[in-house]
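The values are calculated or read from the model by the stated rules, or taken from the named source; none is laboratory data. All values derive from a computational prediction rather than experimental measurement. Cβ placement follows ideal geometry from the backbone for every residue including glycine, while neighbour counts extend to all protein chains displayed.
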C-alpha cells in the first residue's frame, strides 16, 4: 500500500503540469476584420479564436486594420486556484512545487475580447 501511495504521488505530481495545456483560447470579436499581433508578432486575421501562450503574466496585443487607428490591449494571466487545491490534496504539496516551477497553473483572465476600431479621419 505504501508503494502505491508513493507511486501515486510521483505520477500525479503537478496536476496542472500533466493535465493543463500551455495555452488558452481567446475569441476576438469585432469590426472591421483586422490583424492581431501578440508581443509584436503577427498572429492571424481576426475576428477569430486564437490560442495564446499562458507563460507570461502580461500579454501585449495590438489590433490593426488599414484605414483605422490601431488598438492596444493587455491580457493578463492568473493562477487557477483549483490547480493549487488539487496539488495540495492529491500530491501532499509536491505538485505545488512542480506546477509553480512550470507555470502550468496559469490561465488568461478573459476568454473573449470584443474590439472596435476607429476610422482614421482624412486630413483637410
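Things to note:
- The lone exception for residue 78 - which of (1) surrounded by fewer than 16 Cβ atoms within 10 Å (Cβ to Cβ); (2) outside any strand (DSSP E or B) it fails: (2)
- Residue selection: residue 108 satisfies the criterion of being crowded, with 16+ Cβ neighbours inside 10 Å, within 30 Å of residue 31 (Cβ to Cβ) and touching a residue at least 60 places away in the same chain (Cβ under 8 Å).
- Taken as a whole, the structure leaves residue 118 outside the set of residues that are free of Cβ contacts under 8 Å to residues at least 40 places away in the same chain and either touching a strand residue (DSSP E or B) at 6+ places or on another chain (Cβ under 8 Å) or loosely packed, with under 15 Cβ neighbours inside 10 Å (or both).
- Total residues in segment 81-105, condition surrounded by fewer than 12 Cβ atoms within 10 Å (Cβ to Cβ) and within 18 Å of the chain's Cα centre (by Cα): 2
- Of the residues making up segment 17-24, at least one is in a strand (DSSP E or B) and either under 17 Å from the mean Cα position of the chain (by Cα) or at pLDDT 90 or above (or both).
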